[in-house]
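The values are calculated or read from the model by the stated rules, or taken from the named source; none is laboratory data. Quick caveat: nothing in here was measured; it's all calculated off a predicted structure. Ideal geometry is used to build each Cβ from the backbone, glycine not excepted, and the neighbour counts take in all protein chains shown.
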Amino acid sequence: MTPPSPAGSVLVQPQALAALAEELAGLASELADDVDRCRTAAGSVAAALDGDEGWEAGAVGTAWAALEQALSERASALAQTVSGAVRAYLEEDARIAGWMGRRREMPR
């Protein structure tokens, strides 16, 4: 087991964050694919059932599709954010590493 990080420091594992971003992008894609199927199923259920029951079942299916669409959009946005953070971290890490061992002050 690794010892905990000192207080106030943050341990970043770019590979783990990149994997998380990839998982989120995959989830977003799966949810987006399911949205159309849910909307189609909602229409079929509404047509198959008569009266209020059909309307309510169709409304639930439509609401579920809207929820999946919102989750898909947010998962996609989060995946892009995490990917961008990983890229920025790696670029900054490389920039800092390039200055290690030099006598003059590191530019900002």
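Which of the numbered conditions does Arg39 fail, given that it passes all the others? Conditions: (1) in contact with a Ser or Thr (Cβ under 7 Å, 6 or more places away or on another chain); (2) not in a helix (DSSP H, G or I). With (1) in contact with a Ser or Thr (Cβ under 7 Å, 6 or more places away or on another chain); (2) not in a helix (DSSP H, G or I) applied to Arg39, the lone miss is (2). Report yes if Thr81 is over 20 Å from Glu22 (Cβ atoms) and among the hydroxyl-bearing types (Ser, Thr, Tyr), otherwise no. No: the conditions fail for Thr81. Listed by first and then second residue, the pairs linking a residue in the stretch 22-41 that is closer than 21 Å to Thr81 by Cα to a residue that is of a type in the set (Asp, Glu), with Cβ atoms under 7 Å apart and 6 or more places separating them unless they lie on different chains, are Leu31/Glu68.
If you check Val45 against the conditions, is it without any contact (Cβ under 8 Å) to a residue 40 or more places away in the chain and touching an Asp or Glu at 6+ places or on another chain (Cβ under 6 Å)? Spelling it out, it is not the case that Val45 is without any contact (Cβ under 8 Å) to a residue 40 or more places away in the chain and touching an Asp or Glu at 6+ places or on another chain (Cβ under 6 Å). Go through the stretch 19-43 and give me each residue that's over 16 Å from the mean Cα position of the chain (by Cα), surrounded by 14 or more Cβ atoms within 10 Å (Cβ to Cβ) and more than 11 Å from Glu68 (Cα to Cα). Matches in the stretch 19-43: Ala41, Ala42.
Looking only at the stretch 1-31, residues that are modelled with pLDDT of 95 or more, farther than 25 Å from Ala88 by Cβ and hydrophobic (A, V, I, L, M, F, W, C) come to 1 in all.
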